[in-house]
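The values are calculated or read from the model by the stated rules, or taken from the named source; none is laboratory data. Please read these numbers as outputs of a predicted model, since none were measured by experiment. Note: ideal-geometry Cβ built from the backbone for every residue, glycine included; neighbour counts use all protein chains shown. Remember, those area values only see protein heavy atoms, side chains included, never the ligands or the DNA or RNA. Shrake-Rupley method; radii C 1.70, N 1.55, O 1.52, S 1.80 Å.
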Amino acid sequence: MTDVATNMRLKLPIICFILQIILIILFATLVQYDHDTDAAAWHNGNHTSESENDFYYRYPSFQDVHVMIFIGFGFLMTFLQRYGFSSVGFNFLIASFALQWATLMQGFFHGMHGGKIHIGVESMINADFCTGAVLISFGAVLGKTSPIQLLVMAMFEVTLFAVNEFILLSALGAKDAGGSMTIHTFGAYFGLMVTRVLYRPNLDKSKHRNSSVYHSDLFAMIGTIFLWMYWPSFNSAVTAHGDDQHRTAMNTYYSLAACTMATYGMSALTAHDGKLDMVHIQNAALAGGVAAGTAGEMMLTPYGSMIVGFLAGIISVLGFKFLTPILEEKLKIQDTCGVHNLHGMPGVLGAIVGAVTAAVATTDVYGKGMADVFPDVASGEIGASYQGVRQAISLAVTLGIALLGGLIVGFILKLPVFGAPSDAICYEDSIYWEVPGEEEAHDGQLTAVRTTETEKLNN
Amino acid sequence: MTDVATNMRLKLPIICFILQIILIILFATLVQYDHDTDAAAWHNGNHTSESENDFYYRYPSFQDVHVMIFIGFGFLMTFLQRYGFSSVGFNFLIASFALQWATLMQGFFHGMHGGKIHIGVESMINADFCTGAVLISFGAVLGKTSPIQLLVMAMFEVTLFAVNEFILLSALGAKDAGGSMTIHTFGAYFGLMVTRVLYRPNLDKSKHRNSSVYHSDLFAMIGTIFLWMYWPSFNSAVTAHGDDQHRTAMNTYYSLAACTMATYGMSALTAHDGKLDMVHIQNAALAGGVAAGTAGEMMLTPYGSMIVGFLAGIISVLGFKFLTPILEEKLKIQDTCGVHNLHGMPGVLGAIVGAVTAAVATTDVYGKGMADVFPDVASGEIGASYQGVRQAISLAVTLGIALLGGLIVGFILKLPVFGAPSDAICYEDSIYWEVPGEEEAHDGQLTAVRTTETEKLNN
Amino acid sequence: MTDVATNMRLKLPIICFILQIILIILFATLVQYDHDTDAAAWHNGNHTSESENDFYYRYPSFQDVHVMIFIGFGFLMTFLQRYGFSSVGFNFLIASFALQWATLMQGFFHGMHGGKIHIGVESMINADFCTGAVLISFGAVLGKTSPIQLLVMAMFEVTLFAVNEFILLSALGAKDAGGSMTIHTFGAYFGLMVTRVLYRPNLDKSKHRNSSVYHSDLFAMIGTIFLWMYWPSFNSAVTAHGDDQHRTAMNTYYSLAACTMATYGMSALTAHDGKLDMVHIQNAALAGGVAAGTAGEMMLTPYGSMIVGFLAGIISVLGFKFLTPILEEKLKIQDTCGVHNLHGMPGVLGAIVGAVTAAVATTDVYGKGMADVFPDVASGEIGASYQGVRQAISLAVTLGIALLGGLIVGFILKLPVFGAPSDAICYEDSIYWEVPGEEEAHDGQLTAVRTTETEKLNN
């Protein structure tokens, strides 16, 4: 391959090494073990049992979240026929960067103790959460960006995520344990704005690669199912110990089950000839997890969770069917994975459900548990309805920061130095990867089908 | 596609929406958070530490079980060359329905408190368990049913499962933590009777699709390995806290390891030219988990577990080799996945092992732990040998309810309104799914191989 | 197939059955439930809560390790185009044997209580760890050995592993919780020596099968990503409760993230035309976990972990690029998976980092936690620098035992009775497996491409 523009030989090593060295220097100067990870501090601490270490409360949830980030998001995006390496591989790269950078940015905003950022399993979960937002945005631009663009996007997006999260959770006092707003709404609208700015008028030239093949759809289902199964852990990972984690996981479980039922019904109703569409199953069935992200920790009730999931599934399939084509044709938003349908609208739905559920919270229902879910309501500082207002404002703030941030970052990514592929070679692994042949060796001869195409693309 | 009979455009949405709305109404009127998930109740409770919440004892096991249900069963069935979408996708659909319905049915029989069903992580595990039985039955009819038939089957099977479970665990006082009887024996014989009633005399017309291809066997191994790895969690998920969960997991671990050794040996011994057969490896290697489902929580000893697993593996391979053809030819039982070999016979073996192990239980061996495993023996109400009798009766009851239930439900499923495929288009995704081409785009042209066949089938 | 030499019809059943029966007899005479798994012992025990059972501290980590062993190693090796069945399948077989045998060998050396081996979740983790070493060696000989050779290798290697582990941890008093030395260095150099002894001068005849295809690389990424995600659990699985497990997991998390950044940078820098090479991504990105295996439990600091991972990634890619060809051409070491680059050199790096980190340990940094990490230093028996010397000696001992053991076992495996494939049919599933066609059925005709080749190979 001789295309200078997309050649990564020097660009990618330089950015990877510079970023990692900066990370190491900043970690060396700013980051410390927290009380539960530091040998001296923990052993000086006052705990009745080793089982009180936060590790045992959160590490299983962390690992489930970790699987969602790396297997879930990574394989969900392998549905494209010729972009499996990039989907899993760039997901892997930018997540590995983003989780480190997020540790610093989130720590800077709400983890400082005496000038140092203290880290442990909760900060690891939060870093993975922030990474999730970046990967949602990745879904919007999938197939159309270079790994360098993605790293640059991750750098800015993580920073803005941390700012938005700080405003919501610390300044406004909103609750959003599963991130309907901070993760899903933010990641989706940020990504949609980026892909709008990066609009490619001649993307039709790559249209034949912007679809799945039989096996690529099965690989994508690995991602879908892992996301679906572990979403209860995602939403409950950073809620308060005890009933809160327990309840959040259960609410999410029922929301997702109801969402799946709605998704299958809607897919058969809207798709061609009454057949099910893999795009819907792979994506819309997950909307129930997104929509339970804010209210999942609240006393949403199991049937309330099911209603939320059911609505999310319906909205999401309708979005894929009717809204995505409009976004592309009228608004010039080329949303490869349909993140608007999976994360955008369900995220907004989740934020609204959270606001309403908060507004009707009563001491009768929450008892002393109110202090865990709505501390300011429990302390009498504010009323429940005002908590609802906080939640609503938080949604507006999130949308604003995401759209404005995506706009600016989109223009940065347009700089011609980042090695983006041309319109004719989007959704194609062989731009950035050594790609082996598609067929196996027969009697010592490698069939040349794939190799030939690859060479053609490269010349 | 213009086949009216299998068209799902209205049928599937209607059944999905009606079922889900009924579920929501029943949940709204009947279901409540239990003590450990309710904010007020938990915070009024008397616990020394948040770590006493049942969430921390069982949630990691729940998630492992969840993976077995959705990835394990789903991908295990992707071995068919043209049925991967349906295997994973219908598994996903019917499991999402069944777990909600099971919450109600199981709650109705043994979770009522003051007229309400109380739910938490243990009920979630039990709902997933019940779903597992439905998925076993799905394996018997795989490739030959419409999604509507599967939902209808799930509705009835879950109900009968809950009845059988109530009789065994509550009325008879049997023990069956890992479900050798309640899940595996029940699910297998129920499904076998259903597939017998749905016998297709001209299934030979679809025979060329009832086999695997290279990559589909690898996808199936994802299912196998996840089932195998997490089976220790499955069997121990609802046993008593402490030594019981610990011991059950370990017994299952050794049973499975020994079973795998037996499976490889038997496969080479019985298969063509001494080569290993993927069907055996994918299925029989799991029989050790099934067979340890009842006795796993007992003081089976590690070597006892290994003997059980070893026998289960031998029986299972022999079943695939010699019994499955007989069942098909003589008894007209078309058992697509061979669930009789993986769940049926090993389930019966597990029930027998459980009866024997219970019958020989002594206070010398169990100490005060007897109260966890055999409470009625510990309290002096009955002797150990009588517990063994209970276990044996439970097996008979399970077989009776499964076979009778399967017979009745099979005839219900024969009603021509459910959109079953004809004999010539079984094991074929494109009946119910939009299926993309098999080959990738080459220079803008989609190779038409698959599309052509799909069109042919549809006309 | 009529090749008598590689026919497994009698050989494999005989070895599987004999080994398993020996295991059962030895377990029956030697193995008992430990305090936390025995019904009587646990209930007689003095514990304030069921949550004190070691199950709750370690079982989630055990399950993650279990996934690494069976999915991680198994699928990582599916990258070969025609060796997917064998990679996952032989991995499954030898791991099932090795974990049972390891229970006995490790128990014999450091789990005896009154003449009996006591087992529980910690012994299960250790057995899986030992199995990991065998699977690393499997990677070195992948594609070139029969399943019988692998079982024989496993039997000897597990034994030597246990000897080496005993010398390091018990006799020398070294620390190596994540096994940089005991698992990775040992497994790699043992396997490299075995493959050296089994050198095949005419392996070029199978060269066309010693490469990947597009989908096989995606299957391999499933293995890679699960290994990467769960490595924090691997390194922390048997460290002390509390801060130790917590800190080890976190150190590994950051080491891996930094390693991934280095791997991508180095891959683009060294590979053809600035493109990323899947071999590097699949393997070198994991080197950060290997290199944090010894020092992960120490107060390595997060940035220290990142430096270690960063170096490991660089070394590993350079090894693939420059060292592997030299090893093959000059030293006649045919290392199929490049275990020298993923486990060998990063394992040695991890051992050195561990020695240095131990040598600079101070009470100031560790506080009372010193007793968990370096008990002999805490008790004043030795100084920290001497602990560093212990670590360094341990590396030398490990290298010696691995190389000498691999040499001897390699010669044993050369015995012509074990059914090894000839040089012309390496990396080929159809020698030991019934392999289905590659293409799906079209209108009832199975395309004969694969079948033809398979027949040709067999004649």
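Before moving on, here are some points about what is shown:
- Under the span-like rule (Cα at least 27 Å along the axis, Kyte-Doolittle mean at least 0.5), DSSP H helices of chain C: C:11-30, C:84-110, C:121-141, C:384-413
- Tensor-based shape of the range A:150-263 (alpha-carbon gyration tensor, a/c under 1.5 rounded, otherwise prolate or oblate): oblate
- When you filter the GluC sites (Glu not before Pro) in the range C:307-410 for DSSP loop state and at most 14 other Cβ atoms inside 10 Å of their Cβ, you are left with C:Glu381.
- Approximate spin-label separation C:Lys332-C:Val4, in nm, with each point projected 7 Å along Cα-to-Cβ: 2.9
- Those residues of the range C:178-223 for which accessible area with every protein chain present is at least 40 Å² below the isolated value (1.4 Å probe): C:His208, C:Val213, C:Tyr214, C:His215, C:Leu218, C:Phe219, C:Ile222
- When C:Phe186, A:Phe310 are compared by accessible area at a 1.4 angstrom probe, the order from most to least is A:Phe310, C:Phe186.
- On a per residue basis, the range A:1-54 carries 47 Å² of accessible surface, using protein heavy atoms and a 1.4 Å probe.
- Taking amide hydrogens as placed 1.01 Å from N in the peptide plane, the amide H of C:Leu276 sits under 5 Å from those of A:Trp433, A:Glu434, each at least 5 positions away in sequence or on another chain.
- Total charge dipole magnitude, the protein assembly as shown, about the Cα centre, Cβ charges on Lys, Arg, Asp, Glu only, Debye to nearest 20: 2020
- Global form of the protein assembly as shown, assessed from the alpha-carbon gyration tensor, a/c cut-off 1.5: rounded
- In order along the range C:32-42, the phi-based Karplus estimate (6.51 cos²θ - 1.76 cosθ + 1.60, θ = phi - 60°) of 3J(HN,Hα) comes to 9, 4, 7, 4, 8, 10, 8, 4, 5, 5, 5 Hz; Gly and Pro are listed as x.
- Mean separation of Cα pairs under 8 Å and 6 or more residues apart, divided by the residue count, gives the range A:17-158 a relative contact order of 30 percent.
- The spacing between the range B:343-422 and the range B:80-98, judged by their C-alpha centroids, is 28 Å.
- Judged by the ratio a/c of the largest to the smallest principal axis of the C-alpha gyration tensor, the range B:117-193 counts as prolate, that ratio being 1.5 or greater while a/b is larger than b/c.
- Here the range A:1-79 and the range A:221-243 have alpha carbon centers that stand 18 Å from each other.
- Percent carbon-and-sulfur accessible area, chain C, ignoring ligands, DNA and RNA, probe 1.4 Å: 65
- Cβ neighbours within 10 Å from other chains - mean over C:249-257: 6
- In this structure, the residue pairs whose Cα-Cα separation is over 32 Å, taken from B:Lys205/C:Lys205; C:Lys275/C:Lys332; A:Lys207/C:Lys275; A:Lys144/A:Lys275; B:Lys11/B:Lys332; A:Lys144/B:Lys144, are B:Lys205/C:Lys205; A:Lys144/B:Lys144.
- Size of the B/C contact, given as accessible area buried on both chains, probe 1.4 Å, in Å²: 7300
- Debye equation applied to the C-alpha atoms of the range B:198-303, log10 I(q)/I(0) at 0.12, 0.20 Å⁻¹: -0.53, -0.98
- Charge-dipole axis of the range C:1-109 as Lys and Arg at +1 and Asp and Glu at -1 on Cβ define it, positive-most pick from C:Leu19, C:Gly84, C:Ala5: C:Ala5
- Among the chymotrypsin sites (Phe, Trp or Tyr not before Pro) in the range C:232-286, none is located in a DSSP loop while being surrounded by at most 15 other Cβ atoms within 10 Å of its own Cβ.
- Cα-centred dipole magnitude for the range A:1-76, charges only on beta-carbon of K, R (+1) and D, E (-1), debye, nearest 20: 560
- Each other residue within a Cβ distance under 11 Å of C:Glu297 adds +1 if Lys or Arg and -1 if Asp or Glu, for a net charge of -2.
- Cut-off 14 Å, label 7 Å out along Cα→Cβ of A:Ala171, residues of the range A:386-401 by amide N: A:393-401
- Candidate residues C:Leu327, C:Leu399: accessible-area rank, largest first, probe 1.4 Å: C:Leu399, C:Leu327
- Value at 222 nm in deg cm²/dmol, rounded to 500, when DSSP H runs of n ≥ 4 in chain C each add -39,500 (n - 2.57): -19500 deg cm²/dmol
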